[in-house]
Amino acid sequence: MNFLIPRLIVGLRSHTSSVSKRKAYGRVVFWQEIRKLLKANWLIVLGFFAALLFGSWMFSLRMHGYWLGLAQGLLALVFTIFLSALLLTYSGAAWKLAGAWGESNTRDVLRVARRKGMIWGWVDTMKFSGTDIDHIVVTKMGLLALDSKWHARELDAATIHRDVKSAKSSAGKLRTALKSRNLRDISIDLPSELPVRPAVVVWGVAEKQLLECEQLHDGVVFIAGKNLRRWVESECSVGPVRRSPGRRLARDLEVLAIQFDDMQKRAAAEERV
């Protein structure tokens, strides 16, 4: 029985290591903006908190028991909602939060697809050369450079043009990353030139336009978030990338993304000095 334990541990490591553990870029930026705003406007926040305490004290003079608790709870709720709306609107973080929701939704779909064997793994948020790729997905067909977009209104020509430009840039950056010295000799089982396909996953109001059928714009496919798993299963289920080298590629891409993060942190630290 004991000889099975090392194999079990190795199996668990190989199963989990191709699942991205990185935080979504939109969520990281959102909390950075919130902390920046709180630091710059701490007097306003302190004033709201003082008003909340004063209101609670006034209620305590006239109410008792459950009614006092209810009044204080409602007061705290009103101030919390008002302060949150002020922060999101003033800082512009509302749009970043919406983007984080889109990335999180895509990540949930990829997690299910990975568990069902539709993809071999993925990496969230690879940042380099002044841009970032939301999701790099390793499939049997090759690689997907996915951009997650949350649109609060229907797609128009300007929005489509902007999203196509972003998706093509992500795919180009990914092709450059594949030529990195750290990824040149990943496996002899992988084809010499892996196909990289750009795609945009749309969430929000604009998703309704894509529910019946995907749209192709200048080589970039636009997919409704709810249809992403079905699309991956139908479009990426056949190809030259086998299970073992595919999962190894996902792990190596994760390591490469961490290396890019470290490079950016060191460059930022040098600029501050």
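The values are calculated or read from the model by the stated rules, or taken from the named source; none is laboratory data. Computed from a prediction, not measured in an experiment: that's the story for all the values here. Counting neighbours? That spans all protein chains shown, and the Cβs are built from the backbone with ideal geometry, glycine included.
Filter the range 191-232 down to the residues that are of a type in the set (D, E) and in a helix (DSSP H, G or I) and list them by number.
Hit for the range 191-232 is E207, nothing else.
Any idea which of (1) surrounded by fewer than 18 Cβ atoms within 10 Å (Cβ to Cβ); (2) modelled with pLDDT of 90 or more; (3) touching a helix residue (DSSP H, G or I) at 6+ places or on another chain (Cβ under 6 Å) is the one R115 doesn't satisfy?
For R115, the failing item is (3).
Could you tell me how many of the residues in the range 209-225 are over 24 Å from D132 (Cα atoms) and either free of Cβ contacts under 8 Å to residues at least 12 places away in the same chain or within 18 Å of the chain's Cα centre (by Cα) (or both)?
Result for the range 209-225: 2.
Looking at this structure, is L110 of a type outside the set (G, A, S), farther than 17 Å from T176 by Cβ and out of contact with any Gly (no Cβ under 8 Å at 6 or more places or on another chain)?
yes
For the range 122-138, which residues satisfy the criterion of being over 11 Å from the mean Cα position of the chain (by Cα) and buried (at least 24 other Cβ atoms within 10 Å of the Cβ)?
W122, V137, V138
Which one is nearest to the chain's Cα centre (by Cα) among residues in the range 173-199 that are farther than 14 Å from L253 by Cβ and at pLDDT 80 or above?
A199
Return the total of residues in the range 226-251 being surrounded by 16 or more Cβ atoms within 10 Å (Cβ to Cβ) and in contact (Cβ under 8 Å) with a residue 60 or more places away in the chain.
Total satisfying the criteria: 12.
I'd like to check something: does the range 97-107 contain any residue that is at pLDDT 70 or above, farther than 16 Å from K149 by Cβ and not acidic (D, E)?
Among the residues of the range 97-107, not one is at pLDDT 70 or above, farther than 16 Å from K149 by Cβ and not acidic (D, E), which makes the answer no.
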